[in-house]
Structure formats: C-alpha cells, structure tokens
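One structure is given below, encoded as structure tokens.
None of the figures in this text is laboratory data; all of them are computed from the coordinates on show. All of these numbers come straight from a predicted model, not from anything done at the bench. No Cβ is skipped: glycine too gets one built from the backbone with ideal geometry, and neighbour counts run over all protein chains shown.
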Amino acid sequence: DAGITQSPRHKVTETGTPVTLRCHQTENHRYMYWYRQDPGHGLRLIHYSYGVKDTDKGEVSDGYSVSRSKTEDFLLTLESATSSQTSVYFCAISEEGDNSPLHFGNGTRLTVT
Amino acid sequence: AQSVTQLGSHVSVSEGALVLLRCNYSSSVPPYLFWYVQYPNQGLQLLLKYTTGATLVKGINGFEAEFKKSETSFHLTKPSAHMSDAAEYFCAVSERGTGNQFYFGTGTSLTVIP
C-alpha cells in the first residue's frame, strides 16, 4: 500500500468551528489531492497541490482552504464548518505524469452537527 | 471538461456469473483510463489502468478491461463473480497533457448473490 496516512480517521464537530484534516505521505510524490465522497456524487475534487506551496482549486473548493509547506504534508481546513460539509474526505497522491494513477488514503469521516 | 459515465449505479450478479461494469468517457482524444475498487470503510484501490499499447488490460483479482476507442468505452469485466467482489467500483480518466487531472464516474455498487 502507498504510504498515505490521514488523520483523524473520524471527527465530529459543531457548525461554525474550524477543522483541519491532515494527509501525510512517505512516497515523496509531487501531487497531492483532497476529494470528498458523497452518495450519488462519487468523488469530487476539492483542492490539489503540484508542489510545496503550489496549490489550486478543484470543482468544490468553496469553504475549504489548503496548505502544503512540506512535500509530505497536505492540510485541508474548513474555516467554519457547515452541515453540508459532512462527508468522507480522501487524500490521494500521484507521481508526475498524466498516466500515473492516484493512490488513496483510508479517508476521514467528518460529521458536522 | 471531461465527463465519465458509469451506467448503472447498482449491479447485482449471482456468484459465478459474469461481471460487466460499464464506463464511457467523453473526450475525443483518448485519455488514460483507470478502474478503482472501494471496499466498505476503506480508500480506493487501483484495479487496473490503460495508458498505451494493448487495449485489453488485466488487473488484480481476475478483473480485466478493454479500451475501445470507437465506442469511447472502458468496460470492466470478470468471468466469474466471487462473493469477495462485492464493493463499489469507480472508473476514472486522466486527460493527456493536463498535468495529473483526474475525473471520476459516480461509481457502481456491485452486489454478489450467493
């Protein structure tokens, strides 16, 4: 398995509180991604990074921010959590090259009450 | 933007029967193609991928997929379903020259009936 660790694995938080999810990789891959998975929507890209301090928005980036200060760590922050952000969040990594597949972490289940 | 269509959000097959999960993509330029499997409470695991060369690709767990350019399809098959194949399956594409941009289908949940 690719060395990807997501933390925490489960979190329950209240509406309006900030939340940070962490993704840590040991593969030294250039690309890192945050997806959310919701029933009927499959996986939707939130943000991705193509290098340290280089990030870009995905299709559902509103309400989320990211940071990548080291190759191995990619943080996803919900500045003020809302119930619509209740979801399962997956981190993925890939090597450079369009034909390089994604490798996924085991996910973080976030519930916003 | 690229779109990926997986026909049938739920598929049921009997144990030992053929598994066929459908995937079509939208771009006129053939992308790189991937199938992933997701077991409950786990992340997605790569089953197989097509990049170049032979259009019939073999993956793990006895699955294979065939790239058909004329049909813009990359259907996933397995000759004989096993109970352990019950999972969610996702088709994904990466467009050439886009810098590691991936697009996913909405997934197909496979149920295997004993």
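Some notes on this structure:
- Partner shielding of A:31-42 amounts to 3, given as the average count of beta-carbon atoms from other chains within 10 Å of each residue beta-carbon.
- Considering only alpha-carbon pairs that sit under 8 angstrom and 6 or more positions apart, the relative contact order computed for chain B is 37 percent.
- FRET efficiency, residue A:65 to residue B:9 (Cβ-Cβ, R0 25 Å, nearest 0.05): 0.20
- Alpha-carbon centroids, region B:68-105 and region A:50-92: separation in whole Å: 25 Å
- Violating pairs (Cα-Cα greater than 21 angstrom) within the set A:11/A:57; A:57/B:69; B:49/B:78: A:11/A:57; A:57/B:69
- Peptide packing for B:1-8, A:42-49 was compared via the average number of neighbouring C-beta atoms within 10 Å per residue; ordered from the highest value, the list is A:42-49, B:1-8.
- Neighbouring Cβ atoms from other chains, within 10 Å of the Cβ of residues in A:103-111, number 3 on average.
- Positive-end ranking of B:112, B:48, B:98 along the dipole of chain B, with charges on Cβ about the Cα centre, is headed by B:98.
- Three-way shape label, chain B, alpha-carbon gyration tensor, a/c 1.5: prolate
- Cross-link partners for residue A:70 among the aspartates and glutamates, with Cα-Cα distance under 19 Å and sequence neighbours closer than 8 places in the same chain left out: A:27, A:54, A:56, A:95, A:96.
- For residues of A:85-93, the mean tally of beta carbons on other chains within 10 Å: 1
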